[in-house]
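Below is one structure, written out as structure tokens; the observations come after it.
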Amino acid sequence: MRIGILGTGTLAQALGAGWARAGHEVVVGGRSESKARELADRLGHGVRAAAPPEVAEGRDALLLAVTWDGVQDILRHAGVSGGRLNGTPLIDPTNAVEHGVGVLLTEPGTSNAERIAALAPGAHVVKAFHLFPSDQWTGGPGGKDGQPVTVPLCGDDPAALEVVGALVRDFGGVPAVLGPLARARQLEEVAGFVIGLAFSGVDPGSAIPRVP
Ligand SMILES: NC(=O)c1ccc[n+]([C@@H]2O[C@H](COP(=O)([O-])OP(=O)(O)OC[C@H]3O[C@@H](n4cnc5c(N)ncnc54)[C@H](OP(=O)(O)O)[C@@H]3O)[C@@H](O)[C@H]2O)c1
């Protein structure tokens, strides 16, 4: 696949490395040209740096790996208004939560994923990859401790969900569609739950019933 990554931080590096290793064509870019070049160099495997408009153009999938409050700026920088992302699967891994506390910062009844869909008309937004820390993806296809993880997804377009599911499998993950984008707030709240418990010293996995 031709994958664009907007953002040059920790998650961009972790997911970009895995997809490049899996043989995808990866292009990275952000608001800093030099950080994009440095990231492309670090990733190797033919990964290229480009300006945000080129990163967003003609991709089979586009990852929005910026902080939740940087989304509007980077989408504007990439010039995605006017339907330029028509039909592009746009992966939203953002967590709009209060750091270390987990309280959602989005308005009640809304989600950051739906906000992104409104900012990128025509794109097929899929909420994904927001729940696990980036080091889950850096160990290659067996995952962090050799245990496959389930990656819940929300989105409205079946083809986009398929594409993102395939990109989850590149890491040995198992995609699970929770429902349409209207349910993305639930996924975002789960991240808040996980962050809240983890920062208070509790393993969030121990607070979820096992349902074999
Ligand atoms: N890291 C994780 O473990 C993890 C796991 C799950 C989800 N996430 C989510 O993934 C997203 C990226 O996280 P990260 O850990 O990669 O963060 P990070 O290392 O801090 O990188 C953040 C990126 O966002 C960019 N950015 C911030 N404000 C911006 C703006 N106004 N305009 C354009 N770009 C802007 C930064 O650019 P500069 O470098 O120029 O500041 C940088 O490229 C976040 O939404 C986070 O919640 C992260």
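With n ≥ 4 as the cut-off for DSSP H runs, can you work out [θ] at 222 nm for the chain, using -39500 (n - 2.57) per run divided by the number of residues, rounded to the nearest 500? Intermediate results must be reported in sequence, preceding the final value.
Working: 7 runs with 72 residues, N = 212.
Mean residue ellipticity at 222 nm (helix-derived): -10000 deg cm²/dmol.
Return one quarter of the surface area of the convex hull spanned by the alpha-carbon atoms of region 77-130, equal to its mean projected area, in nm².
Working: hull surface 17.2 nm².
Average of the hull's projected areas for region 77-130 equals 4.3 nm².
Could you order Arg210, Arg48 by accessible surface area, starting with the largest, using a probe radius of 1.4 Å? Don't jump to the answer; show the numbers that get you there.
Working: Arg210 205, Arg48 105 Å².
The ranking, largest first, comes out as Arg210, Arg48.
If you average 1/r over all unlike Cα pairs in the chain and invert the result, what Kirkwood radius do you get in angstrom? List each step's numbers first, then the result.
On the way: mean 1/r = 0.0583 Å⁻¹.
Roughly 17.1 Å, rounded to one decimal.
What whole-number distance in Å separates the alpha-carbon centres of region 132-159 and region 59-84?
Value for the Cα centre distance between the two parts: 22 Å.
Ala51 versus Leu105, label points 7 Å from Cα toward the beta carbon: distance in nm?
2.9 nm
Counting only protein heavy atoms, what percent of the accessible surface of the chain is carbon or sulfur at a 1.4 Å probe?
Values: 5380 of 9940 Å².
Roughly 54 percent, rounded to a whole number.
Would you kindly state how much longer the chain becomes between Arg31 and Thr150 on full extension, computed as 0.36 nm times their sequence separation minus their alpha carbon distance, in nm to one decimal? Spell out each step's value before the answer.
Working: separation 119, 0.36 × 119 = 42.84 nm, distance 3.18 nm.
39.7 nm is the gain from fully extending Arg31 to Thr150.
How far apart, in nm, are the 7 Å Cα→Cβ label points at Glu162 and Phe199?
The modelled label-to-label distance comes out at 4.0 nm.
Probe of 1.4 angstrom, ligands and nucleic acids ignored: what's the accessible area per residue over the chain, in square angstrom?
Working: 9940 Å² over 212 residues.
It amounts to 47 Å² per residue over the chain.
Note the full-extension length gain between Thr138 and Gln72 as 0.36 nm times their separation in residues minus their Cα-Cα distance, in nm to one decimal. Walk me through the intermediate numbers first.
Numbers: separation 66, 0.36 × 66 = 23.76 nm, distance 2.76 nm.
Difference between extended and current length: 21.0 nm.
Given H placed 1.01 Å from N in the peptide plane, which residues other than close sequence neighbours of Val97 have an amide H under 5 Å from its amide H?
Counting only residues 5 or more places away or on other chains, the set is Leu105.
The values are calculated or read from the model by the stated rules, or taken from the named source; none is laboratory data. Just so it is clear, the structure is predicted and the values come from calculations on it, not from any experiment. Note that we place each Cβ from the backbone using ideal geometry, even for glycine, and neighbour counts take in every protein chain shown. To get the accessible areas, we keep the full protein, side chains included, count just its heavy atoms, and leave off ligands, DNA and RNA. Shrake-Rupley method; radii C 1.70, N 1.55, O 1.52, S 1.80 Å.
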